[in-house]
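Structure first, then comments.
The values are calculated or read from the model by the stated rules, or taken from the named source; none is laboratory data. Remember, it's a predicted structure, so these values are computed and weren't measured experimentally. A quick note on method: Cβ atoms are made from the backbone with ideal geometry, for glycine too, and the neighbour counts reach across all protein chains shown. Accessible surface is based on the protein model in full, side chains and every heavy atom, while ligands, DNA and RNA are left aside. Shrake-Rupley method; radii C 1.70, N 1.55, O 1.52, S 1.80 Å.
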Amino acid sequence: MRPAPDAVAPSTLVIRPRRLRVVAAAFALALVMATLWGWLALPADIQVLFTLSQRLTLLGVLALLVGVMVALALSVVRADETGLWFRNGLRTHTVPWDRVHQVILRRGDPWAFVLLTPADGSPFAADLDAEKRQLMALQYGDGAAAQVGVEELRRRQRYYTTR
């Protein structure tokens, strides 16, 4: 007799956004190319009017914009026996399985959310004040892949919370 799928100890699961990574890379490349083209399109006698600090400011703004796109594209969710670890942009979160109430991805949501049980042990109340965290690596725009990721996180939550 085969064991139930939820009874098999899962390995570490890592989920990354698909479409967001492609879009961020394309926009970052387009922004860099447009900036380079704009600089090279200026006549040389206008280019020399820019001071070093002005050039560095322009490069700094470009680096900031590209950095934001890269940070968002590097969003990730990792699930293992200890719980969820995820990075949304530059911020990371660690959530043990006993705090995970539910992972949801509803139609119209930009990304999945994890609903958290109260840290003080009080009962979970499904209301607008319920504590939740975004799982930006599970983008609704990724379609079936995002749904599969959500289902896999739910399966792991069931496995680790019922052992």
Practice problem: Could you tell me which residue of the range 59-80 is least open to solvent (accessible area, probe 1.4 Å), considering only residues that are touching a Ser or Thr at 6+ places or on another chain (Cβ under 8 Å) and closer than 29 Å to ARG155 by Cβ? | Solution: ALA79
Quiz prompt | Residue among TRP97, TRP111, TRP85 that is out of contact with any Ser or Thr (no Cβ under 8 Å at 6 or more places or on another chain) and aromatic (Phe, Trp, Tyr) | solution = TRP111
Quiz item: How many of the residues in the range 66-106 are within 13 Å of THR12 (Cβ to Cβ) and of a type in the set (Val, Ile, Thr)?
Solution: 3
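Look at ASP142 and say whether it is at negative phi and free of Cβ contacts under 8 Å to residues at least 24 places away in the same chain. If you could, list the steps in order and put the result at the bottom.
Working: at negative phi: yes; free of Cβ contacts under 8 Å to residues at least 24 places away in the same chain: no.
No.
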Exercise. State which residue pairs qualify: first residue open to solvent by 60 Å² or more (accessible area, probe 1.4 Å) and inside the range 13-26, second residue assigned to a strand (DSSP E or B) and basic (Lys, Arg) in any location, beta carbons under 8 Å apart, and separation of 6 or more residues or different chains.
Key: VAL14/ARG78
Practice problem: Any chance you could count how many residues in the range 43-91 are β-branched (Val, Ile, Thr) and touching a Lys or Arg at 6+ places or on another chain (Cβ under 7 Å)? | Solution: 1
Quiz item: Only one of these conditions is not met by VAL95: (1) open to solvent by 40 Å² or more (accessible area, probe 1.4 Å); (2) without any contact (Cβ under 8 Å) to a residue 40 or more places away in the chain; (3) part of a strand (DSSP E or B). Which number is it?
Solution: (1)
Quiz item: What pairs come up if the first residue lies in the range 57-73 and is under 13 Å from ALA34 (Cβ atoms), the second is not hydrophobic (A, V, I, L, M, F, W, C), and their beta carbons are under 8 Å apart, counting only those six or more places apart or on different chains?
Solution: LEU58/THR35; LEU62/THR35
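Residue by residue, here is whether (1) part of a helix (DSSP H, G or I); (2) of a type in the set (Lys, Arg); (3) not assigned by the TED database to the domain that holds ALA30 holds:
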position	(1), (2), (3)
HIS101	no, no, yes
ARG106	no, yes, yes
SER122	no, no, yes
ALA146	yes, no, yes
Quiz item: Among the residues of the range 123-161, which ones are out of contact with any helix residue (DSSP H, G or I) (no Cβ under 8 Å at 6 or more places or on another chain), open to solvent by 50 Å² or more (accessible area, probe 1.4 Å) and farther than 26 Å from VAL70 by Cα?
Solution: PRO123, PHE124, ALA125, ALA126, ASP127, LEU128, ASP129, GLU131, GLU151, ARG154
Quiz item: Checking GLY83 against (1) open to solvent by 20 Å² or more (accessible area, probe 1.4 Å); (2) out of contact with any Leu (no Cβ under 6 Å at 6 or more places or on another chain), which test does it fail?
Solution: (1)
